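Take a look at the structure set out below.
The values are calculated or read from the model by the stated rules, or taken from the named source; none is laboratory data. Since the structure is predicted, the reported quantities are computational estimates derived from the model, not experimental observations. Reconstructed Cβ throughout: ideal geometry from the backbone, glycine too, with neighbour counts over all protein chains shown.
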Amino acid sequence: MISTEVFMDIISLHRQGLSMRAIAKKLGIHRNTVKKHIEGNTLPQYRKKKRQKSILDPYRQVIDDYLAEDDYRATWILDRIRNMGYTGSYETLRDYVRKVKERHSRLAYARFETEPGRQAQVDWGDLQVENPDGSFSTKYMFLMILGYSRAMYIEFVNQCTLETFLDCHIRAFHYLQGVPAEILYDNMKQVVTGRKQGKAVFNTEFLHFARHYNFTPRACPPYSPWVKGKAERPMDYVRQRFWRGYVYTSLEKLNRDAALWLDKTANSRRHGTHGQRIYERWQQELAALTSLPPSDYDTSIKIYRKVYKDCQISYNGNRYLVPYKMVGKKVMLKIKHRRILIYDDNVLLASYEEARGKNELIGNRLFYEQLKRDRQLVKRKYGRRKGKATRGLTTSSLFPQVEYRPLAEYERYAQGGGSWNS
């Protein structure tokens, strides 16, 4: 089975107009494999293979961290992990240390230049800011830089969630006026969820995002931050030339000032490596970038909830009302910027501001009025009839299995027992 990176290469090359034969030759795989994934157009699914447990498992991360710092000997590491409770043999540790060092030794650094539109690199950074009231908080800096021109985009945010990470990408693509063929990342959790046989396992939602914008994600090998030097050196440049001495007042002003600095300083200077002005080289690169799709990717969080018998769904410790006809069905919630949109397939049922507390009940007055009106209509239509035709016919039998609550209870709710988003 091919890796996700090879799959993304197949899709990307196919969109560039290469034939299946040409793609197979370029990637060194069989033409039938190319055909299968182009026609199927779905991400490859992998079965998790159970790895045999080792007595070394609880200490692997500690060992990896030691070896990332320096070329420590196995005997030195053994002394440390013995104190942590390791009871295995020296030979088991020695063999593992040897494998890690061999993997490191195969990585060789070489400065390289990429052709126009070929590659960008992305990095996160964190900054401690002093707020106007004297308190301190952490802000995060997103940076994307084009490999050929060194044109960069930066943005400061309050959090580094996947949703925010993807939103930053979208704004970077618009600022840079296109999408590169591939983007290089380190092993940040928003991109890489783990490794299998030494290869990166990418976040599924992130892969869908990459396919939407037609770029291939690449992950740096572990313990080799220098591979992504085009992003990490500019990160230092931003810290020294823009952030150092900056007086923080608000996130909005910080991003406005950063955008102005990008245009007037960072992207207009003459770069020390290629010797040209970044803006001029960026204009040369624009033609090689992939055009943006007609619509941007929906980065909202998507989850499913079953509607309870009391016409409610729960999310994050709070309850939200939906139309009573949805009782027993599953609805989809899209959450973004503290806004909750509730859908039945593609039909929008309700829109709410996310509750900030816990154990709150948030409703829409329209749903209450609809339930009240329909129940009263049923009573008027069937309430006085007698005979076999209506025997056993009750108000509840004409509705989904809604948990019965007196209408007076909903009246109390409407008068202040809950919150209406009407």
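Computed values, structure above
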quantity	calculated
Within the range 155-212, tally of residues that are of a type outside the set (Lys, Arg) and assigned to a strand (DSSP E or B)	14
Breaking point among (1) modelled with pLDDT of 90 or more; (2) assigned by TED's automatic domain parsing to the domain that holds residue 161, for residue 271	(1)
Leading residue by the ranking (modelled with the lowest pLDDT) among those in the range 351-371 that are touching a Phe, Trp or Tyr at 6+ places or on another chain (Cβ under 7 Å) and within 16 Å of residue 316 (Cβ to Cβ)	362
Given (1) closer than 16 Å to residue 139 by Cβ; (2) without any contact (Cβ under 8 Å) to a residue 60 or more places away in the chain; (3) touching a strand residue (DSSP E or B) at 6+ places or on another chain (Cβ under 9 Å), number of the condition residue 269 does not satisfy	(1)
Failed criterion for residue 275 (all others in (1) in a loop (DSSP other than H, G, I, E, B); (2) on the phi < 0 side of the Ramachandran plot hold)	(2)
Filter result for the condition that a residue is surrounded by 13 or more Cβ atoms within 10 Å (Cβ to Cβ) and modelled with pLDDT of 85 or more, over 63, 55	63
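Table: residues versus (1) surrounded by fewer than 19 Cβ atoms within 10 Å (Cβ to Cβ); (2) in the same structural domain as residue 120 (by TED's automatic domain parsing); (3) in contact with a Phe, Trp or Tyr (Cβ under 6 Å, 6 or more places away or on another chain); (4) modelled with pLDDT of 90 or more.
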{"position": "138", "(1), (2), (3), (4)": "yes, yes, no, yes"}
{"position": "142", "(1), (2), (3), (4)": "no, yes, no, yes"}
{"position": "169", "(1), (2), (3), (4)": "no, yes, no, yes"}
{"position": "196", "(1), (2), (3), (4)": "yes, yes, no, no"}
